[in-house]
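Here's the structure we're looking at; comments come further down.
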Amino acid sequence: MYILLVDDEALARNELKYLLKQCEGVASIMEVSTVQEALEILLTTTIDLAFLDIQLTNESGLELADKIKQMPHPPFVVFATAYDEYAIEAFEKNARDYILKPFELERVQEAVDRVRQSGQSQHLSFVTKEQSQAKQNLPIQDEDRIIMVNMADILALEASKGITKIYTKDKTYHTQSSLTYWQQKLDDESFMRVHRSFIVKIDAIHEIQPWFNHTYQLTITDQLKIPVSRSYIKSFKERLGL
């Protein structure tokens, strides 16, 4: 199951993401903080389930739910909020569940199971991690054009002098969006940040070479080599089991 989190509080997103990673049936998780970012992903990506906060900064998760209902193939919606007074209105917008902060693992798993059962009753087949990556296209503003780039083709990203370079199998794109912005859009099971200026796709790493100060240099291609900084070395080694 491919999941999108929409919450303007980073701590709340991190808490829910941590619990969802422990839930059965969850293939991958994306997160955003605004309605506009959510719509960009929903219009270009296959999402099975969207967890929506209700009170976003100057925005409303309830209004986003209305827009989701109008989509040709809308995801299921679960509201995840600190406010219980909106429950009736939420279910009127076809929400499958309504969970309250602070979140508990059993309650989150129950919401995921409820959505999965709803999908099975409607004869839906939820997207697996591999299927979602194969289908997922990201819109990239490249000079005066918007290019749809398949996430599976992205090898790495580099932030330099206010520009983010997106390295793919065939071409390098230049965008003014920040590295943090792209990190939120990428599948965190396939990509990881290894330096304040670099994100890499784990499967794209061909060689890991010991480097200065007990760090590493990663070879992606003959022309693309990426450092792992000391700040990220622990998480990198844990991720790869080094």
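The values are calculated or read from the model by the stated rules, or taken from the named source; none is laboratory data. Note that the structure is a prediction, hence the values are computed from the model and not measured. FYI the Cβ positions are ideal-geometry reconstructions off the backbone, even for glycines, and counts take in every protein chain you see.
Here are some notes:
- For the stretch 1-22, a residue qualifies if it is outside any helix (DSSP H, G or I) and either surrounded by fewer than 18 Cβ atoms within 10 Å (Cβ to Cβ) or charged (D, E, K, R) (or both), and the qualifying residues are D7, D8, E9, K21, Q22.
- Test: residue in the stretch 73-81 that is without any contact (Cβ under 8 Å) to a residue 60 or more places away in the chain, buried (at least 20 other Cβ atoms within 10 Å of the Cβ), in contact with a Lys or Arg (Cβ under 6 Å, 6 or more places away or on another chain) and of a type outside the set (V, I, T): yes
- Members of the stretch 28-51 found to be under 19 Å from H73 (Cα atoms) and part of a loop (DSSP other than H, G, I, E, B), listed by number: T45, T46, I47, D48
- For the stretch 117-128, the count of residues that are at pLDDT 85 or above and either basic (K, R) or not in a helix (DSSP H, G or I) (or both) is zero.
- Residue match in the stretch 64-71 (condition: without any contact (Cβ under 8 Å) to a residue 12 or more places away in the chain and of a type outside the set (D, E, K, R)): yes
- L155 vs. criteria under 19 Å from the mean Cα position of the chain (by Cα), part of a strand (DSSP E or B) and either modelled with pLDDT under 95 or not hydrophobic (A, V, I, L, M, F, W, C) (or both): no
- Tally of residues being in a strand (DSSP E or B), closer than 24 Å to S178 by Cβ and touching a residue at least 24 places away in the same chain (Cβ under 8 Å) across the stretch 197-234: 8
- Top-ranked residue in the stretch 182-196 [being assigned to a strand (DSSP E or B) and not charged (D, E, K, R); ranked as farthest from A27 (Cα to Cα)]: H195
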